[in-house]
Amino acid sequence: MDFPVKSFDNKTVETISRDVCEILPVQVTEVYSQHRIALRKRSHEINYYRYHQWAESPDLNIQRLIQKKLSSDALFARISDRIWSVAPRYQLSAYINQLEAVEGDDSLMAHISLKLELFDRIKKQIVVEHTFDKTRPLDEWDMNMFALKMSEILKRDLERFSNKIRIYLVNENLQK
């Protein structure tokens, strides 16, 4: 899963917040935390594709996508999964509840359920939350199309999450 993200030069783009955001390790429900792609044929039964695997583990992949998206949107002075020099004001958590192919009678669908939270360490509370549970049909029974559909879902909802963060940060700056 990957999608293009426009790049920018940190030196020329004004960020919305001067604060730092740390991306915490993405938590994945155990049955989806492996390289094998999960296949749901029945509501309470999960199998795995034998020959199809994620190129990168879902937790690392989604963590990287979040970082690329939020960096490209210039929301924070710095966003990273490795913060050593300063204590970050914000921490971003992601929880993957489901990440699977769903087999219907004559169709294949991409299904992802994900929760994203932005925690303000000064306020000691979650200040932005975005949860989604989406299933999208594939035009073709093709695992490349499956990965593409997952990327499309993630792209749209990371955009929504980023917009929520932007609104929150703009309001925070107005209150200062």
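Across the range 79-92, the qualifying residues are those that are surrounded by 17 or more Cβ atoms within 10 Å (Cβ to Cβ) and of a type outside the set (S, T, N, Q), and the one among them that is farthest from PRO25 (Cα to Cα) is ARG89.
Listed here are the residues, each with its yes/no results for (1) under 16 Å from LEU118 (Cβ atoms); (2) at pLDDT 95 or above; (3) touching a helix residue (DSSP H, G or I) at 6+ places or on another chain (Cβ under 8 Å); (4) not charged (D, E, K, R).
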| residue | (1), (2), (3), (4) |
| --- | --- |
| SER33 | no, no, yes, yes |
| ARG40 | no, no, no, no |
| ARG50 | no, no, no, no |
| LEU60 | no, no, no, yes |
| VAL86 | no, no, no, yes |
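One residue stands out in the range 77-114 among those that are among the aromatic types (Phe, Trp, Tyr) and in contact (Cβ under 8 Å) with a residue 12 or more places away in the chain: the one that is nearest to GLN53 (Cα to Cα), namely TYR95. Contact annotation: residue pairs with Cβ atoms under 9 Å, 6 or more positions apart or on different chains, pairing a residue in the range 1-30 that is buried (at least 18 other Cβ atoms within 10 Å of the Cβ) and of a type in the set (Ser, Thr, Tyr) with a partner that is part of a loop (DSSP other than H, G, I, E, B) and at pLDDT 90 or above, are SER17/LEU75; SER17/PHE76; SER17/ALA77; SER17/ARG89. The selection criterion, being farther than 20 Å from HIS52 by Cα and surrounded by fewer than 21 Cβ atoms within 10 Å (Cβ to Cβ), holds for GLU117.
For the range 32-45, which positions are surrounded by 14 or more Cβ atoms within 10 Å (Cβ to Cβ) and not charged (D, E, K, R)?
We begin by selecting, within the range 32-45, every residue surrounded by 14 or more Cβ atoms within 10 Å (Cβ to Cβ); these are 32-34, 36-40.
Scanning the range 32-45 gives TYR32, SER33, GLN34, ILE37, ALA38, LEU39.
The values are calculated or read from the model by the stated rules, or taken from the named source; none is laboratory data. Quantities reported herein were computed from a predicted structural model and do not represent experimental measurements. Here the Cβ is made from the backbone with ideal geometry for all residues, glycine too, and neighbour counts use every protein chain on show.
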